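Below is one structure, written out as structure tokens; the observations come after it.
The values are calculated or read from the model by the stated rules, or taken from the named source; none is laboratory data. Note that the coordinates shown come from a computational prediction; the quantities given were computed from them, not determined experimentally. Here Cβ is always computed from backbone atoms with ideal geometry, including for glycine, and neighbour counts include all displayed protein chains. Accessible surface is based on the protein model in full, side chains and every heavy atom, while ligands, DNA and RNA are left aside. Shrake-Rupley method; radii C 1.70, N 1.55, O 1.52, S 1.80 Å.
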There are 2 protein chains.
Amino acid sequence: MLDSTVTTRVQDVLNRLNAALEEGDVQAAAQLFATDSYWRDLVAVSWNLKTVEGPAGVADLLGAQLARTRPGDFRIQPGEMPAEDGGVITAWITFETAVGRGWGLMRLRDDRIWTLLTALQELKGFEENRGPRRPMGAEHGAQKNRLTWKERRAAEEQSLGRDTQPYAVIVGGGQGGIALGARLRQLGVPAIVLDKHERPGDQWRSRYKSLCLHDPIWYDHLPYIKFPDNWPVFTPKDKVGDWLEMYTKVMEIPYWSKSEVKKAAFDEAAGTWTVEVDRDGEAVTLHPTQLIFATGMSGKPNLPSFPGMDSFKGTIQHSSQHKGPDDWAGKKVVVIGSNNSAHDICAALWEGDADVTMVQRSSTHIVRSDSLMEIGLGALYSEEALANGITTEKADMIFASLPYRIMHEFQIPLYDRMRARDADFYAGLEKAGFDLDWGDDGSGLFMKYLRRGSGYYIDVGASQLIIDGKVKLVKGQVDRFEPDAVVLADGTRLPADLVVMATGFGSMNGWAADLISQEVADRVGKVWGLGSDTTKDPGPWEGEQRNMWKPTQVPNLWFMGGNLHQSRHYSLYLALQLKARLEGIETPVYGLQQVHHLR
Amino acid sequence: MLDSTVTTRVQDVLNRLNAALEEGDVQAAAQLFATDSYWRDLVAVSWNLKTVEGPAGVADLLGAQLARTRPGDFRIQPGEMPAEDGGVITAWITFETAVGRGWGLMRLRDDRIWTLLTALQELKGFEENRGPRRPMGAEHGAQKNRLTWKERRAAEEQSLGRDTQPYAVIVGGGQGGIALGARLRQLGVPAIVLDKHERPGDQWRSRYKSLCLHDPIWYDHLPYIKFPDNWPVFTPKDKVGDWLEMYTKVMEIPYWSKSEVKKAAFDEAAGTWTVEVDRDGEAVTLHPTQLIFATGMSGKPNLPSFPGMDSFKGTIQHSSQHKGPDDWAGKKVVVIGSNNSAHDICAALWEGDADVTMVQRSSTHIVRSDSLMEIGLGALYSEEALANGITTEKADMIFASLPYRIMHEFQIPLYDRMRARDADFYAGLEKAGFDLDWGDDGSGLFMKYLRRGSGYYIDVGASQLIIDGKVKLVKGQVDRFEPDAVVLADGTRLPADLVVMATGFGSMNGWAADLISQEVADRVGKVWGLGSDTTKDPGPWEGEQRNMWKPTQVPNLWFMGGNLHQSRHYSLYLALQLKARLEGIETPVYGLQQVHHLR
């Protein structure tokens, strides 16, 4: 197909879409979509993160929103030629709404829209001061008694949270809080990031010493400053910590270290939160309008209780408390769990000459890091992708454009390839008695992450230790602790000096329960998951991550988080939602999700 | 002219050049160059920074170096189409030598080479670990008792300079030392950067409080990590300081703060330097093979002595010691000098309500910042340049490709335009009695910088204060100090509580005199300047900055420095020279410069 013809066909669809939108003809617009089609909107049209399906879904979205948010002026992005491959035409697009400008990706099949991603990028009149709009720094001319940058920063630091109140308070200063903090800073939204640690980056530094990023570096950039190209593919945790600390400083994020939230409550009359903070021993009360929990998917340890734990004479640590093997050479260690942390910790303990046993309680999905990089992420996040012109920003948009409803269909073949490629490896694990799975529908790691945020290990070496019997493997449920051992349901007795509970983390609304109230946590419901009706991701179908980066049923309460990729990408959409509210821009929310599952 | 024809013509010249080089036919190669032509080589062919002129110069260079460094395989850079404009064809090229790979820019006139820039980019077998060659970070697999990144960094820090000796010691940790330190780190050259301040960036933080970068941000990037695009055009000094500190940390540069070199001497027998360091009170002796002074063009204050200074009852500060106006409201301040620092300091003192008088001792070149940005730098370093595809790296190469011999010819018309554009401004200054110049030949600021590194002010507002008489201006030479005043040669008496001596900085070989010996400093000769035989840049013609970033007459002694642009660009060539020597690669130096002018 000639490119010019492809362009004409795309242009024709956009023309018809623009005409229908301009005329307010919802049905005409909806008829441009294929029967099985998906429109994913990030904040632009819906003021929500929302995917609607088919002409009926489109009609519902537009029926509710067209007059309120007025999307239109869809164009082919300048400099980007639409391309056809296998009957699908892909086009980078731009568009506008009444209050903002957006970017997106559209796919056509048989000249109908198959997938459409619309993502708000900036608010008119509130564009970020970047590139041609960057500040001057030195203000030319002279004026009496003006303050320097340093003096203004010091004055702001002195005042914020005391004489002036932040519009937003972000609880938790890991990558999620930092990325959102940077976006809000850029958008001129007064905010404070609160974190209990000594310094930014300690969220990573404080973990077990062998930890490295499990995702490759191309997937992990923060907004505004990319990792330099000498950065390791899998960055060690302390180096990540240093980067986050540096980033917080140079992006001028108002960040309170050693600050723990004790209690938060919404004052309906004032329309603000009352947030009680212990700031390095000093009690400070903040009154933000918006409260964002960025406490981390891996922030709230899940520590099951077993009979006899109290009388155990050794040490019990949750995986988040475990520092590494240094004190455990020659000792007996039992690690309960078989996901990422469990594997990493077992391998490091073996390297440190401990006697290690892993207790596998349920099946685990394992993929080898090399295979995942090459087959799972390589097309979007790799040196090759960059060489092919797939910038991080484009990769994020392509990634976001694949509808969650059908994403597993794209994933299953990738994992089939990994399974074939590493057949010997998997045979070895099975021979060692390891209980493998590939997700309920064989869709592998990424879907597990989106659905439940757990249940997998990206292998960087621990599996071979299990295959070789160097890390011992037992399967079963923990029945009880004895003073010197863990005892399984089948009676297996595992003598232990140290038990590491790699038992995962709870839903983020647990933080709302702890810091606000159980009632408010229950009004939010479960945070994370798509509603896929697979293990640990109960339905009904939501089609987006539950309660993440978007309005919840509790006004002015938000959840931010996820891996570095999600922190980078979704921080923009949450920041724009907050900025719009600060500026009094109308933000009519379409399809606010119902509450499902309280934990 | 059709592009394909232009490409053919370039290809033809390159074919003939490659053939001549391959056959060792120096004369045939030289005849490809125009009568008035310039070949600037950065380390690739000459193992020096060197510009030769005309066929005879080319023949001399190749006669000496062709068999030794074997340049060849000149090609049009993939993806870069040669272009013709005004009778000049410009082509991005690549080439190789026996030991390295290079990048360059060639201009043809009438199918002869008019200008050729050849710049070594990497050494074969010693390529930097970046992009596709970046390290893995996590080492997959398991091995007993391996160290983490943090543990390895700590061990290195513990050992370097004690149990293991650095190959190179860099004296001075401003942007020059930091940029070189980063390059050496990447190239695996063991080095230590020594700096007397508390922390990296204090070189900037410690200056007068109103200081901002005078060059715009696009010109100021460091290697490896560019400033983010929210960074101010003219970055305030404390923000620059924070960036340098962050950069030093995340680039893992071995940097000793609070460390002052007391003495250095070369041990001929051992072939190493003995460098005595006071490291925060502890005496440490280092034995590097290479010693690099990166003490800064603005590192060695030039403090003239006037009769009566000893009995002056007020305060005398060199501009480098002056912190700003905070203690001087309502006081009388005399600022001696009329270049950048003098103007900045006067303006800030006026803003801080001091009574300020500037003493102009000689004419000064002034350009308005806006005009300089737009007319002087905009084509290469600006948002527009970036939008036109002129990356920082390309801009640096284009800049480097203009031969110093004829650079003023390109500069004069730019400054003519600025003079016309800002005619009212200059008329106002002249009316106020300010003594203006445009450089000896009207070539303006950048040539002044290259020739003498002084004699100008980039106006960001102080000039208007002089025009308006808010900063008082007197002209003349200082004759003497009295206890409460500065007295000029014409008898003018300037009462003063504070005298700021904005009297500039000395040649960098002064540092060699202080720390090594006068004899060694004299063997090096003057550092900086082109030999243009203009004011403060005595001849003979050198054609490159004297003694900067290249071999000096003193083996194993080097000078690094300049503004942020030069620190970024030339650090590569100095780093490659050091790396080659570390690895025992032959580095036959062509045309080692003669010594001229001892100070």
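Taking the stated definitions as given, is A:ILE178 under 28 Å from B:PRO223 (Cβ atoms), more than 10 Å from chain B (Cβ to nearest Cβ) and touching a helix residue (DSSP H, G or I) at 6+ places or on another chain (Cβ under 7 Å)? The answer is yes for A:ILE178.
Considering only residues in the stretch A:204-218 that are touching a Lys or Arg at 6+ places or on another chain (Cβ under 6 Å) and hydrophobic (A, V, I, L, M, F, W, C), the one that is nearest to A:ALA379 (Cα to Cα) turns out to be A:LEU211. The residues in the stretch B:10-35 that are open to solvent by 60 Å² or more (accessible area, probe 1.4 Å) and either at positive phi or not acidic (Asp, Glu) (or both) can be counted, and the count is 6.
Of all residues being part of a loop (DSSP other than H, G, I, E, B) and small (Gly, Ala, Ser) in the stretch A:191-207, which is farthest from the chain's Cα centre (by Cα)? Just the residue, please. Steps first, please.
Here is the first cut: in the stretch A:191-207, the residues part of a loop (DSSP other than H, G, I, E, B) are A:195-201, A:206-207.
Pick out the ones that are also small (Gly, Ala, Ser) and you get A:201, A:206.
Values: A:GLY201: 17, A:SER206: 20 Å.
Only one residue tops the list, namely A:SER206.
With respect to the stated conditions, A:GLU260 fails to be facing chain B (nearest Cβ under 10 Å) and of a type in the set (Asp, Glu).
Take the residues of the stretch B:242-271 that are of a type in the set (D, E, K, R) and assigned to a loop (DSSP other than H, G, I, E, B): which is surrounded by the fewest Cβ atoms within 10 Å (Cβ to Cβ)? Before you say what the answer is, go through the steps one by one.
So the first thing to find is which residues in the stretch B:242-271 are of a type in the set (D, E, K, R), and the list is B:242, B:245, B:249, B:252, B:258, B:260, B:262-263, B:267-268.
Still in the running and assigned to a loop (DSSP other than H, G, I, E, B): B:252, B:258, B:268.
Working: B:GLU252: 18, B:LYS258: 16, B:GLU268: 8.
Filtering first and then ranking leaves B:GLU268.
Of the residues making up the stretch A:203-216, one or more are away from chain B (no Cβ under 13 Å), at pLDDT below 95 and over 20 Å from B:PHE227 (Cβ atoms).
Within the stretch A:360-379, track down each residue that is of a type in the set (A, V, I, L, M) and without any contact (Cβ under 8 Å) to a residue 40 or more places away in the chain.
Here is the first cut: in the stretch A:360-379, the residues of a type in the set (A, V, I, L, M) are A:366-367, A:372-373, A:375, A:377, A:379.
Selection gives A:ALA379 alone.
If the condition is being surrounded by fewer than 24 Cβ atoms within 10 Å (Cβ to Cβ) and within 14 Å of chain A (Cβ to nearest Cβ), then the stretch B:181-194 contributes B:ARG185, B:GLN186, B:LEU187, B:GLY188. Only a single item in (1) open to solvent by 40 Å² or more (accessible area, probe 1.4 Å); (2) of a type in the set (Gly, Ala, Ser); (3) touching a residue at least 12 places away in the same chain (Cβ under 8 Å) is not met by B:GLY54, and it is number (1).
This table checks each residue for (1) in contact with a strand residue (DSSP E or B) (Cβ under 9 Å, 6 or more places away or on another chain); (2) under 19 Å from B:PRO288 (Cα atoms).
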site	(1), (2)
B:LEU494	yes, no
B:ASP497	yes, no
B:SER517	yes, yes
B:GLY525	no, no
B:GLY539	no, no
B:TRP549	yes, yes
B:GLN553	no, yes
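The residue list A:ALA496, A:ALA502, A:ALA512 contains one member that is over 20 Å from A:MET358 (Cβ atoms), touching a residue at least 40 places away in the same chain (Cβ under 8 Å) and open to solvent by less than 20 Å² (accessible area, probe 1.4 Å), which is A:ALA512. Taking the stretch A:350-373 as the range and being under 17 Å from A:PHE434 (Cβ atoms) and in a strand (DSSP E or B) as the test, the residues that pass are A:VAL356, A:THR357, A:MET358, A:VAL359, A:GLN360, A:THR364, A:HIS365, A:ILE366, A:VAL367, A:ARG368. For the stretch B:353-371, the set of residues classified as at pLDDT below 95 and open to solvent by 10 Å² or more (accessible area, probe 1.4 Å) consists of B:ASP370 only. Just so you know, in the stretch B:222-236 the residues that are in contact (Cβ under 8 Å) with a residue 24 or more places away in the chain and open to solvent by 20 Å² or more (accessible area, probe 1.4 Å) include one that is farthest from the other protein chains (Cβ to nearest Cβ), and it is B:LYS226.
Confirm whether B:LYS239 is within 14 Å of another protein chain (Cβ to nearest Cβ), basic (Lys, Arg) and open to solvent by less than 30 Å² (accessible area, probe 1.4 Å). Yes. Of the residues screened, A:THR272 is one that is touching a His at 6+ places or on another chain (Cβ under 8 Å) and in contact (Cβ under 8 Å) with a residue 24 or more places away in the chain. Taking the stretch B:294-349 as the range and being within 14 Å of chain A (Cβ to nearest Cβ), farther than 30 Å from B:ILE192 by Cβ, part of a loop (DSSP other than H, G, I, E, B) and open to solvent by 70 Å² or more (accessible area, probe 1.4 Å) as the test, no residue passes. Once the stretch A:78-105 is narrowed to residues that are more than 14 Å from A:THR5 (Cβ to Cβ) and among the acidic types (Asp, Glu), the residue that is most open to solvent (accessible area, probe 1.4 Å) is A:ASP85.
Residues that are surrounded by fewer than 21 Cβ atoms within 10 Å (Cβ to Cβ) and of a type outside the set (Phe, Trp, Tyr) within the stretch A:108-127 comprise A:ARG109, A:ASP110, A:ASP111, A:ARG112, A:GLN121, A:GLU122, A:LEU123, A:LYS124, A:GLY125, A:GLU127, listed in sequence order. Do we find that B:GLU374 is over 25 Å from B:MET447 (Cβ atoms), acidic (Asp, Glu) and within 14 Å of another protein chain (Cβ to nearest Cβ) in this structure? Against the criterion (over 25 Å from B:MET447 (Cβ atoms), acidic (Asp, Glu) and within 14 Å of another protein chain (Cβ to nearest Cβ)), B:GLU374 does not qualify. Looking at the stretch A:140-166 only, could you name the residues that are buried (at least 21 other Cβ atoms within 10 Å of the Cβ) and away from every other protein chain (no Cβ under 13 Å)? Answer for the stretch A:140-166, where residues must be buried (at least 21 other Cβ atoms within 10 Å of the Cβ) and away from every other protein chain (no Cβ under 13 Å): A:GLY161, A:PRO166.
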